[in-house]
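Worksheet for the structure shown next.
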Amino acid sequence: MIHFLKSLISNSPNKLITYAEYMGAVLYDPEHGYYMKDKQKIGPAGDFITTSNVSDIFGRAIARWIAEFYKKNNITPFFCEVGAGNGRFAKAFLEEWDEKVKTPLTYMIVESSPYHRKLQNELLKPRFSPIQVETIEEVQNFEGVIFSNELFDALPIHVIEKENGLIYEVMVGIKGDKLFEEKVILSNEDIQRFLKENEIELREKQRMEIPLEMGNMLTKISSALLKGLVVTVDYGYSLEEWMEPSRIRGSLRGYYRHQMVDNVLEYPGEMDITSHIHFDSFLKSGEQLQLKNGMKFRQDEFLLNTGILKELKDHYDPNPFSEISKRNRAIRSLIMPSGMSSFFHVLIQQKKLEIKSHDLFE
């Protein structure tokens, strides 16, 4: 990987690349990228864990909620998951649908990683046969729900910092085999436009990630969707939260063998890299792309609204080691204020629909 980065950086202007270019290389390069490699990334043997991989509760809850949405709004059951990883969410969703809903469903997966497509096939087939495509551009005139879970936090971002009253873009260079940062006066007009449109004024010494690719992905999703919902599960901050003193150094982090790494220039191609998304900008960009009436729920509150407590009440077993008891503990872990769900939000946008927040749930 380091030789690939040397070539990339040495052939770039001023022998520097943006953080977006760095992340694009170490995460998504077809040969060297972390997400593209034949390597386990999710779960105990990987580098990080997601809600879908704690248990099947999350995927099943979403399936039940989506089934009601289709029924209420007379929409044909089409569901598209963007970035399905190892397929655990899809498996839970499809099992719930097959066992409880039973009506015909078309399930589509957008997945760029050959390794993850292979894992999905191994997990889902022959019982389920989702349609797999490599890019969101292959999805056209889609009516239904486009869903993602921890997609946007892993997209490449630019990094800026304010110093002595000036805004710099933080670039990446290399000397020998050592990667380093170097600041250059901000000249990227797209970043300048993002700051202006979102009314962002950095404080002195403040560093922030700028998610230009977030806007690009939203544009592609809106182009793919003719009518329906965009449901996005991820972690992030409002502008007010971004400006809190505790966030002065931004949110860019790496995860390597379940350990958080502050310096994302370490372990290139071997480590997950993530940053919190800009919620306010996400919803504002959606409005400009015909994704209207954006709503934001904390994930634990969203799950309570979907009726997940009914699952807890309807299943009780005094044996703490039984499958039912394990399932109940998983449900509690998703709805406790101190649990994993408290860090995530569910963003719901709609296109050519007029659904109010109180109509989203029974």
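The values are calculated or read from the model by the stated rules, or taken from the named source; none is laboratory data. This one's a predicted model, so the numbers in the text were calculated from it and none came from an experiment. Every residue, glycine as well, gets a Cβ built from its backbone with ideal geometry; the counts of neighbours run over all protein chains shown.
Within region 136-180, being acidic (Asp, Glu) and not in a loop (DSSP other than H, G, I, E, B) holds for Glu137, Glu138, Glu143, Asp153, Glu161, Glu163, Glu169.
The test for being under 28 Å from Leu195 (Cα atoms), under 27 Å from the mean Cα position of the chain (by Cα) and surrounded by fewer than 22 Cβ atoms within 10 Å (Cβ to Cβ) does not hold for Val139. Looking across Glu213, Glu209, Glu199, one residue alone is touching a Leu at 6+ places or on another chain (Cβ under 7 Å) and outside any helix (DSSP H, G or I). It is Glu209. Scanning region 147-157 for any residue that is in contact with a helix residue (DSSP H, G or I) (Cβ under 6 Å, 6 or more places away or on another chain), more than 30 Å from Phe93 (Cβ to Cβ) and buried (at least 20 other Cβ atoms within 10 Å of the Cβ) turns up nothing. Among the candidates Phe69, Phe89, Phe79, the residue that is touching a residue at least 40 places away in the same chain (Cβ under 8 Å), in a helix (DSSP H, G or I), of a type outside the set (D, E, K, R) and touching a Leu at 6+ places or on another chain (Cβ under 8 Å) is uniquely Phe69. Contact annotation: residue pairs with Cβ atoms under 6 Å, 6 or more positions apart or on different chains, pairing a residue in region 125-136 that is touching a residue at least 12 places away in the same chain (Cβ under 8 Å) with a partner that is among the charged types (D, E, K, R), are Gln132/Arg117; Ile136/Lys220.
Of the candidates Ile49, Ile17, the single residue that is at pLDDT 90 or above and either under 16 Å from the mean Cα position of the chain (by Cα) or not hydroxyl-bearing (Ser, Thr, Tyr) (or both) is Ile17. Pairing residues of region 93-109 that are closer than 15 Å to Asn149 by Cβ with residues that are acidic (Asp, Glu) and in a strand (DSSP E or B), at Cβ distances under 6 Å and at least 6 apart in sequence or on separate chains, gives Ile109/Glu81. For region 238-267, filtering for residues that are more than 25 Å from Leu16 (Cβ to Cβ) and among the aliphatic types (A, V, I, L, M) leaves 3.
Rundown of residues vs (1) assigned to a loop (DSSP other than H, G, I, E, B); (2) of a type outside the set (Val, Ile, Thr); (3) buried (at least 17 other Cβ atoms within 10 Å of the Cβ), yes/no style:
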{"site": "Glu182", "(1), (2), (3)": "no, yes, no"}
{"site": "Ser187", "(1), (2), (3)": "yes, yes, no"}
{"site": "Gln192", "(1), (2), (3)": "no, yes, no"}
{"site": "Ile221", "(1), (2), (3)": "no, no, yes"}
{"site": "Lys227", "(1), (2), (3)": "no, yes, no"}
{"site": "Val230", "(1), (2), (3)": "no, no, yes"}
{"site": "Glu240", "(1), (2), (3)": "no, yes, no"}
{"site": "Ser246", "(1), (2), (3)": "no, yes, no"}
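Residues in region 130-168 that are of a type in the set (S, T, N, Q) and farther than 30 Å from Arg207 by Cβ: Gln132, Thr135, Gln140, Asn141.
Listed by position, the helices (runs of 4 or more DSSP H) inside region 260-362 whose residues that are modelled with pLDDT under 75 and loosely packed, with under 15 Cβ neighbours inside 10 Å number at least 1 are 308-314, 323-335.
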